[in-house]
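Novice: Once you've had a glance at the structure underneath, I'll fire off some questions.
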Amino acid sequence: MLREYDFTIITKGELPEVEALKVLEGYEALMTKDGGEILKKDPWGNKKLVFPIKKSFRGNYVNYDFVGTPENLAEMERLMRIDDNVLRHLVVRLESGDGDIDVEARKADLAKQEREARERDLEQKRRKE
């Protein structure tokens with residue numbers, strides 16, 4: 001059964017970009033395994049941490065909205081706990097129903113939300129001028 005999740009991962013900010021992409025690609029492969037699909041990937045960038053985590057002062061944040069199986073999610077979380085390149089992660093289950101997710105409808109909904117957010121930002125900028 002596929003379920004929808006909001007997933008944020010913080011990798012070490014000191015990692016070279018190529019290595020950070022390799023780490024993320026490994027977890028993305030688990031997200032898409034067994035019919036899962038990434039609905040939205042939102043890289044937030046390399047940010048200064050409020051307090052050091054595992055002796056790192058910077059972290060590279062990436063947020064995903066994805067559909068996957070609970071088994072693959074459990075495997076991802078197990079691997080993240082032992083991966084030295086992952087500082088923190090947070091997974092939130094979004095869909096509370098027992099039915100399967102309509103992936104295409106969710107993609108359309110997320111695209112609509114993104115367009116509306118851009119339009120609000122443009123409107124606010126216009127008003128400030």
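Novice: Among the residues of segment 1-21, which ones are surrounded by 12 or more Cβ atoms within 10 Å (Cβ to Cβ) and closer than 19 Å to V91 by Cα?
Specialist: L2, R3, E4, Y5, D6, F7, T8, I9, I10, T11, K12, listed by residue number.
Novice: While we're looking at this one, here's another question. Go through segment 31-53 and count every residue that is at pLDDT below 90 and more than 15 Å from D6 (Cβ to Cβ).
Specialist: Residues meeting the conditions: 4.
Novice: Out of segment 75-91, which residues are surrounded by 12 or more Cβ atoms within 10 Å (Cβ to Cβ), assigned to a helix (DSSP H, G or I) and of a type in the set (A, V, I, L, M)?
Specialist: Across segment 75-91, the qualifying residues are M76, L79, M80.
Novice: Check whether at least one residue in segment 46-63 is touching a residue at least 60 places away in the same chain (Cβ under 8 Å), in contact with a strand residue (DSSP E or B) (Cβ under 7 Å, 6 or more places away or on another chain) and surrounded by fewer than 17 Cβ atoms within 10 Å (Cβ to Cβ), and report yes or no.
Specialist: no
Novice: Further, regarding this structure: Out of the residues in segment 61-74 that are aliphatic (A, V, I, L, M) and part of a strand (DSSP E or B), which is farthest from the chain's Cα centre (by Cα)?
Specialist: Top of the filtered list is V67.
Novice: From (1) within 22 Å of K12 (Cβ to Cβ); (2) surrounded by 13 or more Cβ atoms within 10 Å (Cβ to Cβ); (3) touching a Leu at 6+ places or on another chain (Cβ under 8 Å), pick out the condition that doesn't hold for T69.
Specialist: (1)
Novice: If you go through segment 27-52, how many residues are of a type in the set (F, W, Y) and either more than 12 Å from the chain's Cα centre (by Cα) or in a strand (DSSP E or B) (or both)?
Specialist: 2
Novice: Turning to a different aspect of this structure: Looking at (1) assigned to a helix (DSSP H, G or I); (2) surrounded by fewer than 12 Cβ atoms within 10 Å (Cβ to Cβ), which one does L24 not meet, given that it meets all the others?
Specialist: Here L24 clears every test but (2).
Novice: Turning to a different aspect of this structure: Just to be sure I understand the filter: pairs with C-beta atoms under 8 Å, separated by 6 or more residues or on different chains, first member in segment 110-123 and part of a helix (DSSP H, G or I), second member among the aliphatic types (A, V, I, L, M) and at pLDDT 85 or above. Which pairs pass?
Specialist: L110/L39
The values are calculated or read from the model by the stated rules, or taken from the named source; none is laboratory data. Predicted model only: the values in this text are computed from it and were never measured. A quick note on method: Cβ atoms are made from the backbone with ideal geometry, for glycine too, and the neighbour counts reach across all protein chains shown.
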